[in-house]
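Here the structure is laid out as structure tokens; the discussion comes afterwards.
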Amino acid sequence: MYNDIDLTKIDLTQNAPAEEPQRQYYFIAKARELIRERSRQTGRPLTACIKTFGCQMNARDSEKLRGILEMIGYEHSESEEADFVLYNTCTVRENANLKVYGHLGYLSGLKKKNPQMIIALCGCMMQEAEVVDKIQKSYRFVDLVFGTHNIFKFAELLVTSLESSRMVVDLWKDTDKIVEDLPTDRTYSFKSGVNIMFGCNNFCSYCIVPYVRGRERSRKPEDIIREIKDLVKDGVVEVMLLGQNVNSYGKNLEEPITFAQLLRQVEQIEGLERIRFMTSHPKDLSEELIKVMRQSKKICRHLHLPLQSGSTPILKKMNRRYTKEQYLDLAARIREAMPDIAITTDIIVGFPGETEEDFQETLDVVRRVRYDSAFTFIYSRRTGTPAAVMENQVPEDVVKDRFNRLLALVQDISKEMSLKVQGQTLPVLVESVNEQDSALVTGRLSNNLLVHFPGGRELIGKIVNVYLKECKGFYYIGEYVPDAGEGSRSGSDEASAR
Ligand code: SF4
């Protein structure tokens, strides 16, 4: 575990070891010396700020980067008026890039005031050659640029940057490398994301992710189990297993195992109370996984199952590799196996060539699956993807009209689905004090619904029973029900709490 590493024992007069993660600990120790000297000169501790754009995978990467900065000796800051600022970027939509360029303008002003300031960029956007070209030409005040494949090398790159006055750029096209046991600094004490795999091989025609996150590579199950055991020792009760497509976990391992088999192993970890995972791809979701979820005591009763479109011809153009009927059949089997499960989804409106008939197919799936909630997106043309050059891009006003019709239907059904648990007493993992009313705390049911109820901050991180008094559409107002067995409830323990 990285907390046992004693940096003072690392001999910096020797060359850096080749082996990872020892090599990175060598550079963490080296960076620490350089930062200590800078701090002595400025007469104050140096601060570091990480701004994260995009998905949960990026958020988990930022926790690792923050852990390394902390071990180097930087103090964490929420403000960009810091000595070190890192943007962990997203590029899923064209306008995500524009947002980052806008922010960089602001940073260049701060750097004029603090010339010692270091500005760094990483994440998916940096995996695009034309972006890095633009940074090197028009944003010369940036000090360090790296990508999604060599995040583990951050400390080494930081030392290179601290020791040179030119911009350091280190980008890898792809990798099969996974480096374990690097420091992390979690956002929450009681829950954590856990990467189980990186990259994606699906190449959905509208998606840039496979081009910036590379080919699928799974972590070894023993490394994942060890990480989760350490997290539980450290107070974590809930984990979110993360991957672009968790259902293809394990395929590239020397000893391949399935995602369902991994879940069975995670379930055995004592002290872990809840297991969540995302994202699932319908084409790979197995009967074995449905069985493991149904039998599980810890896997939460929520499944995110992106549909994207309900029209088989559009699904074909999207390269999703399932049909409307296959998706409906899968959803029906899941609901039959777990009647109390919440199913949520992602839907794109206005994909090139989408007709009113295609759109009606999407509405039909929404009516038949009855999603607990859905993320609805207007198709966004993404340069570098096959869909961006497809003909029959749908006119904006038509897309907007469809988007509004879809949203109205999704919200109506979601409200009805939320009512399913009204009047029940169910386990809630308390996550925070309510932002609007400090007399309330906020938490999540196993099915991911939000619940607000009167309670103190001492409940944060605990799983407690809450009577679901009033449904407010997409969340509940509840009442805390103290109970002798408190804290021992698990992800799928709904039935027994009734
Ligand atoms: S499954 Fe498709 S949408 Fe999801 S990350 Fe992979 S290519 Fe993108």
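The values are calculated or read from the model by the stated rules, or taken from the named source; none is laboratory data. Only a predicted model underlies this, so the values are computations on that prediction, with no experimental measurement involved. Methodologically, a virtual Cβ is constructed for each residue, glycine included, from the backbone with ideal geometry; neighbour enumeration extends over all protein chains shown. SASA here: full protein model, heavy atoms, side chains in, ligands and nucleic acids out. Shrake-Rupley method; radii C 1.70, N 1.55, O 1.52, S 1.80 Å.
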Modelled label-to-label distance, residue 415 and residue 4, 7 Å Cα→beta-carbon offset: nm? 5.6
Cysteines of the chain without any disulfide-compatible partner (other Cys Cβ under 4.7 Å) are 49, 55, 90, 122, 124, 200, 300, 471
Per residue convex hull volume, Cα only, the range 1-108, in Å³ is 138
At 0.36 nm per residue, and after removing the present C-alpha to C-alpha distance, how many nm does the segment from residue 437 to residue 253 gain when stretched out fully? 61.4 nm
Residue 189 versus residue 33: modelled label distance in nm, points set 7 Å from Cα along the beta carbon direction: 3.6
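Output the direction-averaged projected area (hull surface divided by four) of the convex hull of the alpha-carbon atoms of the range 368-466, in nm².
Quarter of the Cα hull surface area: 9.8 nm².
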What Kirkwood hydrodynamic radius do you get for the range 142-291 when you take the inverse of the mean 1/r over all pairs of distinct Cα atoms, in Å? 17.0
How high is the FRET efficiency between residue 335 and residue 357 when r is their beta carbon distance and R₀ equals 41 Å, given to the nearest 0.05? 0.95
Where in the range 450-465 does the label zone of residue 472 land, with the point 7 angstrom along Cα→C-beta and an amide N cut-off under 17 Å? 450-456
Report, in whole Å, the centroid distance computed from the Cα atoms of the range 243-296 and the range 355-392. 27
Beta bridges per DSSP with both ends in the chain, % antiparallel, nearest 5: 35
Report the extension gain between residue 180 and residue 381 in nm, rounded to one decimal, defined as 0.36 nm multiplied by the number of residues separating them, less their alpha carbon distance. 68.8 nm
I need the Kirkwood Rh of the range 75-230: take the reciprocal of the average 1/r across all distinct C-alpha pairs and report it in angstrom. 17.2
In the calculated pair distance distribution of the range 227-281, what percentage of Cα-Cα distances lie above 13 Å? 61
Taking Cα atoms, the helix 94-113 axis meets the longest principal axis of the chain at an angle in degrees (rounded to 10) of 30
Cβ-Cβ FRET estimate between residue 367 and residue 93, R0 fixed at 30 Å, reported to 0.05: 0.60
For the range 79-136, report the % of Cα-Cα distances exceeding 13 Å. 61
So how tilted is helix 129-138 from the main axis of the chain? Cα-based, degrees 0 to 90, rounded to 10. 50
On average over all directions, what projected area in square nanometres does the range 139-206 have, based on the convex hull of its Cα atoms? 7.5
Too long at a 26 Å Cα-Cα cut-off: which of 113/134; 99/251; 64/177; 283/462; 137/177; 177/316? 99/251; 283/462; 137/177; 177/316
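Find how much the distance from residue 316 to residue 392 grows on full extension, using 0.36 nm per residue of separation minus their present alpha carbon separation; answer in nm with one decimal.
Working: separation 76, 0.36 × 76 = 27.36 nm, distance 1.54 nm.
Here the answer is 25.8 nm.
Keeping the other protein chains in place, figure out the carbon and sulfur percent of the accessible area of the range 336-392, with a 1.4 Å probe.
In the range 336-392, the share of accessible area belonging to carbon and sulfur is 52 percent.
Translational diffusion coefficient of the range 249-295 at 37 °C, 0.692 mPa s, Stokes-Einstein with Kirkwood Rh over Cα pairs, in µm²/s as a whole number.
279
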Cα extents of the range 299-412 along the three principal axes, largest first, in whole Å? 41, 28, 24
From DSSP H assignment alone, runs of 4+ in the chain each adding -39500 (n - 2.57), the sum over residues rounded to the nearest 500 puts [θ] at 222 nm at -11000 deg cm²/dmol
Normalise the Debye intensity by I(0) for the range 97-167, one equal point scatterer per Cα, no solvent, then take log10 at q = 0.21 Å⁻¹ and round to two decimals. -0.97
The range 221-369: radius of gyration and largest Cα-Cα distance (Dmax), Å: 17.0, 54
The chain - Rg and Dmax from Cα coordinates, angstrom: 23.8, 70
May I ask you to give the solvent-accessible area per residue for the chain, in square angstrom, as obtained with a 1.4 angstrom probe? 44
Using the basic label-point model (7 angstrom from Cα toward the beta carbon), what is the residue 407 to residue 130 distance in nanometres? 2.9
log₁₀ of I(q)/I(0) at q = 0.14 Å⁻¹ - the range 62-104, Debye sum with one point per alpha carbon: -0.42
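Give, to the nearest whole percent, the P(r) tail of the range 27-85 beyond 15 angstrom, counting all Cα pairs. Mind dumping the intermediate values first?
On the way: 865 of 1711 pairs.
The proportion of pairs with Cα distances above 15 Å equals 51 percent.
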Cα convex hull of the range 167-207, projected area averaged across orientations, nm²: 5.8
